[in-house]
Amino acid sequence: MVEIVETIGSGPLRFFLTFHDGVAIEGEGHETYPARIGGTGRLADGTEVVRVMHEFRDGPRGLCVRLTIQFPASAPEHVFTGHQWHFACEFLNWAEAAHAAAEATAAAWPRDARHVIPAASGLATP
């Protein structure tokens, strides 16, 4: 279980997210994403407030990500739209950080590794 405090809608929300298989997420196409992580979020008193499913797969141009979060139908509209903005910021920040880390790692290695990896190792490219 993970304690989550984040902006959902117009203000902060504190809940506890338990990751598990078999999250009851509505919608089609989930089977096309082989890597997924999902869970159920509850308030401190046990009230279910959110269901989460983040799904990943390889795509023709790189990583495909499907982010799903479902709130109770009775939640006010600003909760839905506010969390869309939250997701956009959160995952863009993660993607930018991953890209920067990949560039930094790539810069630390020679451009053409064939010159530093002996062919006898079996790791050299032709």
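Taking the condition within 24 Å of Trp94 (Cα to Cα), without any contact (Cβ under 8 Å) to a residue 60 or more places away in the chain, loosely packed, with under 15 Cβ neighbours inside 10 Å and among the polar types (S, T, N, Q), does Thr18 pass?
Numbers: within 24 Å of Trp94 (Cα to Cα): yes; without any contact (Cβ under 8 Å) to a residue 60 or more places away in the chain: yes; loosely packed, with under 15 Cβ neighbours inside 10 Å: yes; among the polar types (S, T, N, Q): yes.
Considered against the rule, which asks whether it is within 24 Å of Trp94 (Cα to Cα), without any contact (Cβ under 8 Å) to a residue 60 or more places away in the chain, loosely packed, with under 15 Cβ neighbours inside 10 Å and among the polar types (S, T, N, Q), Thr18 comes out as yes.
Those residues that are over 13 Å from the mean Cα position of the chain (by Cα) and either in contact (Cβ under 8 Å) with a residue 12 or more places away in the chain or open to solvent by less than 50 Å² (accessible area, probe 1.4 Å) (or both), I need them from the stretch 82-106; list them, please.
Gly82, His83
How do the strands (runs of 3 or more DSSP E) wholly within the stretch 31-75 filter down when requiring 3 or more residues that are under 24 Å from Phe15 (Cα atoms) and at pLDDT below 90: which remain?
On the way: elements: 35-42, 48-59, 62-70.
Output list reads 62-70.
Hey, among the residues in the stretch 34-46 that are open to solvent by 60 Å² or more (accessible area, probe 1.4 Å) and touching a strand residue (DSSP E or B) at 6+ places or on another chain (Cβ under 9 Å), which one's farthest from Thr18 (Cα to Cα)? So that I can check it myself, show each step before the final result.
Quick first cut of the stretch 34-46, residues open to solvent by 60 Å² or more (accessible area, probe 1.4 Å) only: 34, 36-37, 42, 44-45.
Remaining after also requiring touching a strand residue (DSSP E or B) at 6+ places or on another chain (Cβ under 9 Å): 34, 36-37, 42, 44.
On the way: Pro34: 20, Arg36: 14, Ile37: 11, Arg42: 8, Ala44: 12 Å.
Of everything passing the filter in the stretch 34-46, Pro34 is farthest from Thr18 (Cα to Cα).
Could you list, in sequence order, all residues of the stretch 62-81 that are over 20 Å from Phe19 (Cβ atoms) and either of a type in the set (A, V, I, L, M) or in contact with a strand residue (DSSP E or B) (Cβ under 6 Å, 6 or more places away or on another chain) (or both)?
Scanning the stretch 62-81 gives Leu63, Cys64, Ala73, Ala75, Val79.
When you go through (1) part of a loop (DSSP other than H, G, I, E, B); (2) under 24 Å from Pro76 (Cβ atoms) one by one for Arg14, which number turns out not to apply?
Going through (1) part of a loop (DSSP other than H, G, I, E, B); (2) under 24 Å from Pro76 (Cβ atoms) one by one, Arg14 breaks only (1).
Scan the stretch 4-15 residue by residue and report those that are open to solvent by 40 Å² or more (accessible area, probe 1.4 Å) and over 17 Å from the mean Cα position of the chain (by Cα).
Filtering the stretch 4-15 for residues open to solvent by 40 Å² or more (accessible area, probe 1.4 Å) gives 5, 7, 10, 12-14.
Within the stretch 4-15, Ser10, Pro12, Leu13, Arg14 meet the criteria.
State the number of residues belonging to the stretch 49-79 that are without any contact (Cβ under 8 Å) to a residue 24 or more places away in the chain and open to solvent by 70 Å² or more (accessible area, probe 1.4 Å).
Number satisfying all stated conditions: 7.
The values are calculated or read from the model by the stated rules, or taken from the named source; none is laboratory data. Bear in mind that the values here come from a model prediction, so they are computed numbers and not experimental data. Note that we place each Cβ from the backbone using ideal geometry, even for glycine, and neighbour counts take in every protein chain shown. The area values use the complete protein model at the heavy-atom level, side chains included, leaving out ligands, DNA and RNA. Shrake-Rupley method; radii C 1.70, N 1.55, O 1.52, S 1.80 Å.
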